[in-house]
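Only the coordinates and a few stated rules stand behind these numbers; no lab work does. Small disclaimer: the values here were computed from a predicted structure and weren't measured. When we count neighbours, we look across all protein chains shown, and the Cβ atoms used for this are built from the backbone with ideal geometry, even at glycine.
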Amino acid sequence: MTYTLSQITEDIGVDFHGEDITIEGIHTLSEATSTQLSFFTDSKYASQLADTKAAAVLIDEKHAGLLPSGTIALVTDEAYLKLALASKFFAHKLESGTSEPTLGKGCDIDKSVSFGKNVTLGDHVVILPGCYLGDNVTVGSGTLLHPNVTLYHHTKIGSECIIHSGTVIGCDGYGFAHTKLGEHVKIYQNGNVVVEDDVEIGANCAIDRAVFGTTYIRKGTKLDNLIQIAHNCDVGEHTLCAAQVGLAGSTTLGRNVVMGGQSATAGHLEVGAFATIAGKGGVTKSLEGGKTYAGFPAIDHKMWLRLQAKMMGLLKGKK
Amino acid sequence: MTYTLSQITEDIGVDFHGEDITIEGIHTLSEATSTQLSFFTDSKYASQLADTKAAAVLIDEKHAGLLPSGTIALVTDEAYLKLALASKFFAHKLESGTSEPTLGKGCDIDKSVSFGKNVTLGDHVVILPGCYLGDNVTVGSGTLLHPNVTLYHHTKIGSECIIHSGTVIGCDGYGFAHTKLGEHVKIYQNGNVVVEDDVEIGANCAIDRAVFGTTYIRKGTKLDNLIQIAHNCDVGEHTLCAAQVGLAGSTTLGRNVVMGGQSATAGHLEVGAFATIAGKGGVTKSLEGGKTYAGFPAIDHKMWLRLQAKMMGLLKGKK
Amino acid sequence: MTYTLSQITEDIGVDFHGEDITIEGIHTLSEATSTQLSFFTDSKYASQLADTKAAAVLIDEKHAGLLPSGTIALVTDEAYLKLALASKFFAHKLESGTSEPTLGKGCDIDKSVSFGKNVTLGDHVVILPGCYLGDNVTVGSGTLLHPNVTLYHHTKIGSECIIHSGTVIGCDGYGFAHTKLGEHVKIYQNGNVVVEDDVEIGANCAIDRAVFGTTYIRKGTKLDNLIQIAHNCDVGEHTLCAAQVGLAGSTTLGRNVVMGGQSATAGHLEVGAFATIAGKGGVTKSLEGGKTYAGFPAIDHKMWLRLQAKMMGLLKGKK
């Protein structure tokens, strides 16, 4: 899907006068290529403006002058809302029906499984009844999908993975721009999910596709049931998440992180390698690796234990 | 489905002597019509007795005299249990098989989708593989159901909605009466769910049908993944709920409420318009709109921040 | 599936020299029979060594002498890892396709339902579209499976149960051994789930099969939506769990326990009969029955209320 910039700007209501160009997608300032549209919505990224390779950028008047000469400034005081409107141009078209996947050797695929177009499976893949694999999905050798798994378009699953029933991978991230009237306008989530090799994912999990780029579940990671991984997270290698864990958007876990049941993180933060978050913990800021944390807001585990003791002391009239 | 009152009272073990009448359903004291059965199980509703239009009411002896003359008193000291037993009469009969829905223009419906009887779809509805739409479901124009969505009977979905995979709408609310032996008797949930226009619901959510009446998800609301909405909730327009939120029964959110990830509310309370509940917050009483709350029990957000500071102070030996 | 002990030990890299025997499965020291392999990985079970009936035990050198004379010691300093490797021998082989179940009278089974081999249904069972019942599943009379339910192999569902859509029963428990490099090796979960009579389970729940033995949901228990029950739990009769509850592995709830929404327990503990855990409570140790608890860590409910009052007092400058 490609569009001319004038098609897009006319539709979303942004002024553009100049030689028309072809736009093939949308990405962030730092990742956009010379055929992609980008956007500037947060002043903390101002330093990225000078170096962007984007073809055009939705931007407020004040910062437009910071763009390089080859990048078209699309001036608007509602860049985030215009981004949302533009994102719909690049949404994947979803259609019913089932196609023939490209199969490796020795696959065992139930007849009830539905495939989008251009699905590729490795050797000895087993897919049980009621699964759905959308357009351009790939699944590596030796991977097992239990019944009623849903893989949205462009999801990539590695080799020797196990995905349990009811799990949904590649569903839309939760991203909206907001109008002045308090309405929410969908930012179409045109990225994908990559699940690397040797990953096991429990039942009824939801792993969101990236808004741009990729949500990663790295090699050897094991997720329990009913887990939420938001868009653009990067879950490090050999990480363990117990049931009902939730990660908000764009959070990175290092390798061998352990998250206890019902623990969660806020978005846009980093949990260092070999950190452990106790059950029900709530991570509100980036945490150093190699340590154990507990509570909400999550603090050092020993400190949390002392805090509990102090609180029990309150009940006994101690200070 | 209609029954005579004598059929019902005989089955549930309540005395009734008088001219028999036809009963078409069950509803609360304030909502019941002249062909419906009602019940009195909580003295805080005593003021509604005089005005009820119900044909008959399950009620204790002490309050029976407060009913209007046209309403039959069905005297019992176990009104809630008898209600549960009576509710089964009006349970929708569930059957296998698939029927032809009434289709609008330009719909794209996968062949694997199962339809109950009397399903009506608007124009340009897209339904991907593995979905189920029960009897009397309606879906408005332009709505998209991702794979493996389940809509129970009588669910109404508006126009331009997006429902992600694995989500279940219209499942039974969690309601039981209890015997003296500690057994739980199901109160059949004979209400429904209405999802208004422009709503998006993430993956693997569960939205319960009302016990009587309707559970509402109002216009423009956006729900993330793995969310629980209990029976008889009313989620206001343009509300945002992040992943793993849970609302207990009969709770009302005003418009443009924001609930952070893993936050929750108790039942039978109101959160005012434009209120924000921080992640992991737990709402235990009704909250005024326009403010931000945090913690469990949820309090004013700034107060919660001060409380956290005081608690950290405890660790340092400060009072 | 049976193997010779030498086949297993050669594969997992443990020394074994002696007369070969046939092994039919793996179980704990106390439960293993004379044709089963067992393991010793936690010194708190040392007292069980002398009485084990296991054919052979994976065990460290120091404790090997405590085994009875008829039991073969398989000496290793990585017994847990070797157990994980051995568990794969007894994993159930999963295959696509559908078989004819053995049906009782008056069943109503949708044509889209997939059955493994050797499934047995009682009378008047209703199974709606998109369900999957794996090998050797049994379902008792009068039970209703809503659309898109998944029952893994060897799950046993009682009579007069209701299972709501999207729920997964018998998925693998979350059990892994760990290598010195920080990789996780799956312990195949070769037990099952038994759901007794008169149980109702809400939508999108996940109930894990036992690693060995059985995960139990006892008679008359009612679970709400989005609940996690980990492997080897035993949920007592007539217990109520509200939405989004999570039980970690091997936890036992007595009869008529009540767990509020989003409450949870750690693993390997007991909650006594008729105990109530308030919403969002987190149980970190075994709790006596008949009482109400709240908070995290969960304490006596009245104590918790006093603690909240004390904390509010902190904000007002009181001690």
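Please report the antiparallel percentage of the DSSP beta bridges confined to the protein assembly as shown, to the nearest 5. Before the final figure, lay out the partial values.
Numbers: 21 of 207 bridges.
The answer is about 10 percent antiparallel.
With charges set only on the Cβ (+1 for Lys and Arg, -1 for Asp and Glu), what does the dipole of segment A:24-112 come to about its Cα centre, in debye to the nearest 20?
Values: 8 positive and 12 negative charges, 16 e Å.
In debye, rounded to 20, segment A:24-112 gives about 80.
I'd like to compare C:18-31, A:157-170, C:251-264: which one has the highest average count of other Cβ atoms within 10 Å, and what's the full order after that?
A:157-170, C:251-264, C:18-31
From the alpha carbon gyration tensor of segment C:64-215, can you work out the equivalent ellipsoid semi-axes (sqrt of 5 times each eigenvalue) and give them in Å, largest to smallest?
36, 16, 14
Semi-axes of the equivalent ellipsoid for segment C:52-123, please: Cα gyration tensor eigenvalues, times 5, square-rooted, ordered largest first, whole Å. Working shown, then result.
Values: eigenvalues 405, 47, 12 Å².
They are 45, 15, 8 Å, listed from largest to smallest.
Once you keep just the Cα pairs under 8 angstrom separated by 6 or more residues, what percentage relative contact order results for segment A:126-264?
16 percent
Top mean-square fluctuation among B:Val185, B:Val139, B:Val125, Gaussian network model of chain B, C-alpha springs under 10 Å?
Between B:Val185, B:Val139, B:Val125, it is B:Val185 that shows the largest mean-square fluctuation.
Provide the net charge surrounding A:Thr292, with neighbours chosen by a C-beta distance below 15 Å and charges set as Lys +1, Arg +1, Asp -1, Glu -1.
Once all neighbours under 15 Å are counted, the net charge is +2.
Would you work out which of C:Cys233, C:Gly134, C:Leu223 lies farthest towards the positive end of the dipole of chain C? Charges go on Cβ: Lys and Arg +1, Asp and Glu -1.
C:Leu223
Just to confirm the numbers: C:Lys180, label point 7 angstrom along the Cα-Cβ line, distances to the other copies in nm, shortest first?
6.7, 6.7
How are the alpha carbon pair distances in segment A:14-81 distributed across 10 Å bins from zero to the largest one, expressed in percent?
23, 62, 15, 0
With 10 Å bins from zero, work out the P(r) of chain B over every alpha carbon pair and list the percent per bin.
In order of increasing distance, the bins hold 6, 23, 25, 24, 15, 5, 1, 0 percent.
With all distinct Cα pairs included, what does the Kirkwood hydrodynamic radius of segment C:273-319 come out to in Å, to one decimal, could you say? Intermediate values should be presented prior to the final figure.
Details: mean 1/r = 0.0887 Å⁻¹.
In segment C:273-319 this quantity evaluates to 11.3 Å.
With charges only on Cβ, +1 for K and R and -1 for D and E, what is the dipole size of the protein assembly as shown about its Cα centre, in debye, rounded to 20?
Charge dipole of the protein assembly as shown: 4240 debye, to the nearest 20.
Would you tally the net charge around A:Phe16, using a Cβ to Cβ cut-off of less than 13 Å, leaving A:Phe16 out, and scoring K and R as +1, D and E as -1? Can you show the working numbers first?
Values: positive: A:Lys82; negative: A:Glu10, A:Asp11, A:Asp15, A:Glu19, A:Asp20.
Net charge in that neighbourhood comes out at -4.
Out of all DSSP beta bridges with both ends in segment B:122-269, state the antiparallel percent to the nearest 5.
10 percent
Shielding of B:275-281 by partners, i.e. mean partner chain Cβ atoms within 10 Å per residue?
Details: counts 0, 0, 0, 3, 9, 13, 2.
Mean shielding by partner chains, rounded to a whole number: 4.
Kindly work out what percent of the DSSP beta bridges joining two residues of chain A are antiparallel, to the nearest 5.
Around 10 percent antiparallel, to the nearest 5.
Per residue of B:124-135, what is the mean number of Cβ atoms on other protein chains within 10 angstrom of that residue's Cβ?
5
Note down the magnitude of the dipole of segment C:202-319 about its Cα centre, charges +1 on Lys and Arg C-beta and -1 on Asp and Glu C-beta and zero elsewhere, to the nearest 20 debye.
660 debye
Going by C-beta contacts inside 10 Å, put B:Leu145, C:Leu49 in order with the fewest on the left.
C:Leu49, B:Leu145
What is the average number of partner chain Cβ atoms found within 10 Å of a Cβ in A:209-221?
1
According to the square roots a ≥ b ≥ c of the eigenvalues of the Cα gyration tensor, what is the shape class of segment C:53-92, taking rounded for a/c under 1.5, prolate for a/b larger than b/c otherwise, and oblate for the remainder? Write out the running numbers ahead of the final one.
Working: a/c = 3.97, a/b = 1.51, b/c = 2.63.
Since a/c reaches 1.5 but b/c is at least a/b, the shape of segment C:53-92 is classed as oblate.
For the protein assembly as shown, count all C-alpha to C-alpha pairs, find those more than 44 Å apart, and express that count as a whole percent of the total.
Of all Cα-Cα pairs in the protein assembly as shown, 33 percent lie more than 44 Å apart.
Which of these, B:Gln48, B:Gln308, B:Gln244, has the largest mean-square fluctuation under a Gaussian network model of chain B (Cα springs below 10 Å)?
In this elastic network of chain B, the residue with the biggest mean-square fluctuation among B:Gln48, B:Gln308, B:Gln244 is B:Gln308.
To the nearest µm²/s, what D does Stokes-Einstein give for segment C:92-142 at 37 °C and 0.692 mPa s, using the Kirkwood radius over alpha carbon pairs as Rh?
301 µm²/s
Can you give the relative contact order of segment C:1-61 as a percent, counting alpha carbon pairs under 8 Å and 6+ residues apart?
The value is 27 percent.
Take the alpha carbon atoms of segment C:1-133, find their radius of gyration, then divide it by 2.2 N^0.38 Å using N residues; give the quotient.
Rg over 2.2 N^0.38 Å, computed on Cα atoms: 1.45.
From the Cα gyration tensor of segment C:182-245, with a ≥ b ≥ c the square roots of its eigenvalues, which class applies: rounded if a/c is under 1.5, or else prolate if a/b is larger than b/c, or else oblate?
Working: a/c = 2.89, a/b = 1.62, b/c = 1.79.
Cα axes put segment C:182-245 in the oblate bin.
Would you mind estimating how fast segment B:165-319 diffuses translationally, via Stokes-Einstein at 4 °C and 1.567 mPa s with the Kirkwood radius over Cα pairs, in µm²/s?
80 µm²/s
Between C:Met312 and B:Glu24, what is the label-to-label distance in nm when each label sits 7 Å out along the Cα-to-Cβ direction?
Result for the modelled spin labels: 4.8 nm.
Relative to the compact globular guide of 2.2 N^0.38 Å, what is the alpha carbon radius of gyration of segment A:90-179, as a ratio?
Scaled against compact globular proteins, the figure is 1.10.
Considering the alpha-carbon set of segment B:129-243 alone, what are its Rg and its Dmax in angstrom?
For segment B:129-243, the Cα radius of gyration and maximum Cα-Cα distance read 14.2, 51 Å.
Hey, what did chain B get for relative contact order, percent, Cα under 8 Å, at least 6 apart?
Across chain B, relative contact order equals 7 percent.
For a footprinting-style exposure proxy, rank A:Thr35, C:Thr239, C:Thr138, B:Thr150 by other Cβ within 10 Å, fewest first.
A:Thr35, C:Thr138, C:Thr239, B:Thr150
Semi-axes of the equivalent ellipsoid of segment B:225-314: what are they in whole Å, largest first, if each equals the square root of 5 times a C-alpha gyration tensor eigenvalue?
Calculated on Cα positions only, the semi-axes equal 23, 13, 11 Å.
Taking C:Ile21 in one copy and the same position in all the others, each labelled 7 Å out along Cα→Cβ, what are the pairwise distances from the first, in nm, shortest first?
7.5, 7.5
Efficiency by 1/(1 + (r/R0)^6): what FRET value for B:Ser34 and B:His178, r their Cβ-Cβ distance, R0 = 22 Å, to the nearest 0.05?
0.15
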